[in-house]
2 protein chains.
Amino acid sequence: MFGMRLQAAMAEHGPVCVGIDPHDHLLDLWGLPHTAAGVREFSLRTVAELGGAVAAVKPQSAFYECYGSSGIAVLEETLAAAREAGLISVLDVKRGDIGSTMAAYARAYLSPESHLAADAITISPYLGFGALEPAFDLAQTHDRGVFVLALTSNPEGREVQHAHGAEGTPGFGTSVAGSIVAQVAARNATEAGARRSGTEDSAVTDGTAVTEGSGAVGAAAGLGRCGLVVGATIGTAAASLGFDPSACGGPILAPGVGAQGAGVAELVEVFGVGALTRNQILATTSRAVLGAGPDGVREAAKFLNDALREVG
Amino acid sequence: MFGMRLQAAMAEHGPVCVGIDPHDHLLDLWGLPHTAAGVREFSLRTVAELGGAVAAVKPQSAFYECYGSSGIAVLEETLAAAREAGLISVLDVKRGDIGSTMAAYARAYLSPESHLAADAITISPYLGFGALEPAFDLAQTHDRGVFVLALTSNPEGREVQHAHGAEGTPGFGTSVAGSIVAQVAARNATEAGARRSGTEDSAVTDGTAVTEGSGAVGAAAGLGRCGLVVGATIGTAAASLGFDPSACGGPILAPGVGAQGAGVAELVEVFGVGALTRNQILATTSRAVLGAGPDGVREAAKFLNDALREVG
């Protein structure tokens with residue numbers, strides 16, 4: 001099961017997930033051209049260096065898309081190389097749409113037949129959590145993961161994520177971000193319940209959401225496949241909004257770790273010690289590791305993994 | 001200027017924008033295989049049939065992405081063919097991210113050097129309207145358009161789009177969707193003001209938003225480059241939330257027109273007669289036109305354009 005596989009990989013290597021972000025500044029630092037070939041060299045070298053050193057990598061689709069179909073071919077190679085190297089791939093695409101369009105995105109990134117298939121993807125809920133259903137379904141069919149954008153650290157995000165749910169919507173009485181967390185928790189609890197009763201297909205497709213104690217259930221049964229994106233540097237934002245991201249019962253992708261970003265203290269503030277010790281937090285960084293240059297990547301990743309494991 | 005170019009094309013052909021959505025059902029109907037080659041045949045034939053018959057086409061990126069890099073190569077060809085055929089291309093990608101990642105998305109789809117460059121793209125504001133700034137900037141630099149997701153017709157969308165803005169955010173006192181509309185209006189008014197005073201660069205980069213009367217200003221000066229996505233079948237939702245999408249001063253992409261969807265009466269209910277007569281509403285359909293099969297596409301598009309022009 002995806003959540004447990006990820007948890008096991010984090011238990012082995014540590015919580016670090018390296019964002020493969022081949023933007024111009026990093027390509028310059030590595031002495032590589034701003035071309036698809038440069039991005040290819042950067043990506044494949046990064047994957048080769050990180051195999052066996054971290055649990056997961058997170059290629060950022062935008063930096064491949066900006067080279068068109070040649071860039072996407074490099075992304076396909078990068079995902080295949082990560083698989084070969086035993087790295088869990090979280091493809092950062094932040095897709096979000098409805099109906100057959102959302103189903104096509106799910107097929108593109110979660111179906112084993114696709115050349116762009118990753119172990120997990122990020123998705124964006126501006127069209128509502130329920131609109132993302134085709135991605136949850138396909139992730140379940142093919143045992144992959146999804147990370148739903150919830151609460152990010154950029155200040156502009158508050159406009160949407162801190163907004164108070166309107167009456168008659170799932171967010172009523174909480175914030176948009178809180179509503180996403182609650183629905184992720186319900187989804188994980190439903191899947192966990194179905195697994196326990198051994199009737200996965202029927203129980204999940206009947207849509208009954210088990211909402212009580214989902215965080216604890218999820219942790220006890222192993223993490224679910226449905227995760228969150230929550231910034232590592234949000235401080236007390238979730239607490240102020242009245243919810244606990246770690247109650248989602250799934251893994252949490254937390255960008256903003258390392259170098260000038262968050263360390264253990266900041267992660268504990270946002271997620272609590274328990275979330276870290278049960279390997280629920282996938283701490284994501286790019287510059288702190290890739291900024292070390294090709295020869296320093298592996299050491300930098302191991303150093304950060306060690307630093308972030310020193311909890312409590 | 002993008003907004004005025006689009007407005008002129010709608011004045012010539014009518015408000016219809018055909019969504020190029022090569023999903024399995026339509027490929028079957030056209031007798032084409034579920035492959036990148038099938039999607040290529042579908043897309044290029046559609047563009048060839050529609051040149052001179054409609055103002056714009058809207059390729060849906062998901063249906064190309066699901067064929068990996070081969071699919072993206074077909075999307076590149078489709079965009080080039082649309083350009084050749086004199087069709088305005090609105091690439092439906094719904095991207096949304098922050099910082100250098102958002103800048104990379106903008107470069108991928110709005111920079112003339114990119115093989116994936118379109119005349120306009122759709123973008124998604126879950127990370128906040130302000131996070132999309134790199135797309136607005138690049139669209140201005142290269143005179144292209146952006147359509148920001150605001151209020152969609154799928155019921156799950158209410159959870160986010162109807163939520164009440166929190167204190168201290170731009171949405172305070174309105175809904176998330178209302179906040180997006182107001183910020184699009186401000187952006188268009190700022191650009192229009194800069195154009196009038198002939199000091200485009202300095203006036204826009206100083207970031208001063210001219211908020212008063214932006215709808216009227218935008219309409220008088222021609223539509224701005226910054227548009228909205230608002231469902232054609234939302235009925236009274238915007239009015240109930242207390243805002244008028246047509247006050248945004250830019251074009252509005254309105255999916256859900258034709259066949260079982262919205263007609264003139266529904267468009268008038270949502271946007272008002274004025275918005276239709278000043279060619280502000282880009283009425284989007286896919287099945288109503290492409291469901292007619294390759295030999296019926298052109299006639300179906302013209303028929304729908306005529307039907308939607310019968311206003312008042």
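Quick one: pull the percent of accessible area on chain A belonging to carbon and sulfur, 1.4 Å probe, ligands and nucleic acids left out. Answer for chain A: carbon and sulfur cover 52 percent of the accessible area. Evaluating 6.51 cos²θ - 1.76 cosθ + 1.60 at θ = phi - 60° for every residue in the stretch B:161-177, the Karplus couplings come out as 6, 8, 4, 8, x, 6, 4, x, 10, x, x, 4, x, 9, 9, 4, 4 Hz, glycine and proline recorded as x. Taking a label point 7 Å from the Cα of A:Ala37 along the Cα→Cβ vector, which residues of the stretch A:1-24 have an amide N closer than 20 Å to it? Of the residues in the stretch A:1-24, A:22-24 have backbone N under 20 Å from the label point off A:Ala37. Comparing each chain alone with all protein chains together (probe 1.4 Å, DNA, RNA and ligands left out), the residues of the stretch A:113-127 losing at least 40 Å² of accessible area are A:Tyr126, A:Leu127. With the simple spin-label model, which puts each label point 7 Å out from Cα in the Cβ direction, the B:Asp28 to A:Ser240 separation comes to 5.2 nm. The stretch B:56-180 gives an Rg/Rh value of 1.01, both radii derived from C-alpha positions and Rh following Kirkwood. Reported value for the stretch B:57-111: 80 Å³ per residue, from the convex hull of its C-alpha atoms.
Which residues does a label at A:Met4 reach in the stretch A:91-122, if reach means a backbone N under 20 Å from a point 7 Å past the Cα toward the Cβ? Residues A:119-120 qualify, since their backbone N sits under 20 Å from the label point.
The calculated FRET efficiency for B:Glu77 paired with A:Arg45, based on their beta-carbon distance and R0 = 25 Å, is about 0.20.
Charging the Cβ of each Asp and Glu at -1 and of each Lys and Arg at +1, and nothing else, the dipole of the protein assembly as shown about its Cα centre rounds to 100 debye. The rule of thumb for compact globular proteins, 2.2 N^0.38 Å, goes into the C-alpha radius of gyration of the stretch A:131-191 1.24 times. The dipole here belongs to the stretch A:127-201: it is taken about the Cα centre, uses +1 on the Cβ of Lys and Arg and -1 on the Cβ of Asp and Glu, and is about 200 debye. Both radii were evaluated on the Cα set of the protein assembly as shown; the Rg over Rh quotient, with Rh as the Kirkwood radius, amounts to 0.96.
Rg and Dmax of chain A, both derived from C-alpha coordinates alone, stand at 18.4, 55 Å. Ignoring aspartates and glutamates fewer than eight residues from A:Lys302 along the same chain, the ones with Cα atoms less than 15 angstrom from its Cα are A:Glu12, A:Glu49, A:Glu310. Taking 17 Å as the straight-line reach from the Cα of A:Lys94, the lysines in range (excluding those fewer than 8 positions away in the same chain) are A:Lys58, B:Lys94.
The alpha-carbon atoms of the stretch A:1-137 define a convex hull whose volume equals 114 cubic angstrom per residue. Expressed to the nearest 5 percent, the antiparallel share of DSSP beta bridges inside the protein assembly as shown is 5 percent. Below 8 Å between Cα atoms, with a sequence gap of 6+, how large is the relative contact order for chain B in percent? Value for chain B: 20 percent. For the stretch B:250-268, the residues whose amide N sits under 13 Å from a probe point set 7 Å from the Cα of B:Arg195 along the beta carbon direction are B:250-251. In this calculation the C-beta distance from A:Thr277 to A:Phe303 is compared with R0 = 30 Å, giving a FRET efficiency of 0.90. What total accessible surface area, summed over both chains, is buried at the interface between chains A and B, computed with a 1.4 Å probe and given in Å² to the nearest 100? Summing both chains' loss of accessible area gives about 4500 Å².
Within the stretch B:251-310, all pairs of alpha-carbon atoms sorted by distance into 10 Å bins from zero give the percentages 23, 55, 20, 2.
For chain B, the share of DSSP beta bridges that are antiparallel, to the nearest 5, is 5%.
Principal axis extents of the Cα atoms in the stretch B:17-60, from largest to smallest and rounded to whole angstrom, are 28, 16, 16.
The values are calculated or read from the model by the stated rules, or taken from the named source; none is laboratory data. Source: prediction; values computed, not measured. Glycine gets a Cβ as well: all are built from the backbone with ideal geometry, and neighbour counts include every protein chain shown. Note: areas computed on protein heavy atoms with side chains; ligands, DNA, RNA excluded. Shrake-Rupley method; radii C 1.70, N 1.55, O 1.52, S 1.80 Å.
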